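The values are calculated or read from the model by the stated rules, or taken from the named source; none is laboratory data. Being a predicted model, the structure only gives us computed values, none of them experimental. We place every Cβ from the backbone using ideal geometry, glycine too, and count neighbours over all the protein chains shown. Side chains are part of the model used for accessible areas, which takes the heavy atoms of the whole protein and leaves out ligands, DNA and RNA. Shrake-Rupley method; radii C 1.70, N 1.55, O 1.52, S 1.80 Å.
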Amino acid sequence: MRYLPKSPAERAEMLREIGASSIDDLFATIPEEYRLGRDLDIPRQMGESEIIDHFKNAAVHNAVGYASFLGAGVYRHYRPVIIDSLVQRGEFLTSYTPYQAEITQGTLQAIFEFQTMICELTGMDIANASMYDGSTGAAEAAMMAVRVTGRDGVLVARTVHPEYREVMETYSQHQEHSAKEVAYGADGRIDLAALEQAVTDKTACVMVQSPNFFGVVEDIPAIAEIAHKKGALLVVSIAEAVSLGIVRPPVEADIVSLEAQSFGVAPSYGGPFCGVLAAKEKYLRQMPGRLVGETKDKDGRRGFVLTLSTREQHIRREKATSNICTNQALVALMATIFMTVYGKEGIKELAVQNLAKAQYAAKTISESGKLLFAGSPRFNEFVLETSEAPDQLNVRLLENKIIGGVPLKKWYPELGNATLWCATELTTKDQIDQAAAVVAEAPVAASAR
């Protein structure tokens, strides 16, 4: 909506019209003790030119020129400039839900192309474009599996992103299913023996992430065999979409939950992102969100429509598969443009660069620490254990304009002084070498401990 300022006279006229003597009358129903006082320390209002100058000065303090080794579900990749040029066009930027197919063909086609590309990447038959992000996608995938199987047990690998698991727990509080975690082994992968024992005839699905939170690629065929043997579905969560350029797609999965942020969506302090669900076609009716399909009009011309929309806002009502209802098409469009610009070979080359950068970083930086899960296949992340406490190490790195890895003690206290590092195509050799040099300068007291 446009901002429409009102003059004091117009405000007084509006108050008279509704029978209020002052602005305070509008808040009379709120008890006095819950109202803010008048002594708020609010800076004076600024003009437009002053606001621009204010933010220019503030930008000086931003982390410009810093090397970043952060990953853990949010990845820094190059975004082609054409993405913002196209998504800011009015017909995309201002559109919301494509209810009327006859006037939203552009939006519907963009979603259709997105779904098609996601299916090609994941090896699934169908895909939607209506999840908020990877975490809600994982939770929706678990609920979908419960509906499909009629079972109430969900097994989640402990190597699934901790925050994804937290969102799943929030979702499951008022759902008729329980979630149990399965431990990981010395190789950083899900413990297959423990999984074999945990799967029962009441298990709706087994959920793993690959590459997992440690950056390690899981053995999807082996996990699928264990799950399917007991009639459970396999859900594969993917937090790093670029990995699909080189890692074998999880074709054995029944449902794939994907965070597509890496495909042209800026980190943006954590959102909005682009969650996707893809699945086998036989589970079509249990897919939450929207699916766009291709059709022909009465003249035989190609067109696009909402083929399925099992939301509570529509005729499904209380039988809806989900109340996911915000249209994520604009963010999905960013990913669509990204995949179109890079193409099949480009995404493969991009993945190879990420793999090579992470391999060099792991080898170089771990010379002053211990590389955990060293013998396992991994993509662009690795876990480093140091004698120095992660917080202390990250302070020293920051002093050298380096943002170090994510400390893992909060979620995995058994790993001690472990940090999760990430290297993408934007990470340079000089940055890696500089980070390795800073890590190697660990204080004597810390190394002695």
The listed residue being open to solvent by less than 20 Å² (accessible area, probe 1.4 Å) and either over 20 Å from residue 140 (Cβ atoms) or out of contact with any strand residue (DSSP E or B) (no Cβ under 6 Å at 6 or more places or on another chain) (or both), out of 240, 252:
240
When only residues in segment 20-78 that are within 30 Å of residue 341 (Cα to Cα) and among the hydrophobic types (A, V, I, L, M, F, W, C) count, which is surrounded by the most Cβ atoms within 10 Å (Cβ to Cβ)?
69
Hey, can you tell me all the residues within segment 190-218 that are open to solvent by 30 Å² or more (accessible area, probe 1.4 Å) and assigned to a helix (DSSP H, G or I)?
192, 193, 194, 196, 197, 198
Contact list, first residue from segment 215-233 and under 29 Å from residue 420 (Cα atoms), second anywhere and among the aromatic types (Phe, Trp, Tyr), beta-carbon distance below 6 Å, six or more apart or interchain, is 215/379; 215/382; 216/373
Answer yes or no as to whether residue 186 is surrounded by fewer than 19 Cβ atoms within 10 Å (Cβ to Cβ) and closer than 27 Å to residue 380 by Cα.
yes
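For segment 302-319, which positions are at pLDDT below 85, closer than 14 Å to residue 99 by Cα and either in contact with a Lys or Arg (Cβ under 9 Å, 6 or more places away or on another chain) or among the β-branched types (Val, Ile, Thr) (or both)? Can you show your working first?
We begin by selecting, within segment 302-319, every residue at pLDDT below 85; these are 308-319.
Now restrict to residues that are closer than 14 Å to residue 99 by Cα: 308-311, 313-315.
Across segment 302-319, the qualifying residues are 308, 309, 310, 311, 315.
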For residue 142, indicate whether it is of a type in the set (A, V, I, L, M), without any contact (Cβ under 8 Å) to a residue 60 or more places away in the chain and farther than 24 Å from residue 246 by Cα.
no
Some residue of segment 263-280 being at pLDDT below 95, open to solvent by 50 Å² or more (accessible area, probe 1.4 Å), of a type in the set (Phe, Trp, Tyr) and assigned to a loop (DSSP other than H, G, I, E, B)
yes
What's the number of the only condition in (1) in a helix (DSSP H, G or I); (2) open to solvent by 10 Å² or more (accessible area, probe 1.4 Å); (3) more than 30 Å from residue 373 (Cβ to Cβ); (4) in contact with a Leu (Cβ under 8 Å, 6 or more places away or on another chain) that residue 114 fails to meet?
(2)
Given the options 395, 444, name the one that is aliphatic (A, V, I, L, M), modelled with pLDDT of 95 or more, more than 22 Å from the chain's Cα centre (by Cα) and surrounded by fewer than 18 Cβ atoms within 10 Å (Cβ to Cβ).
395
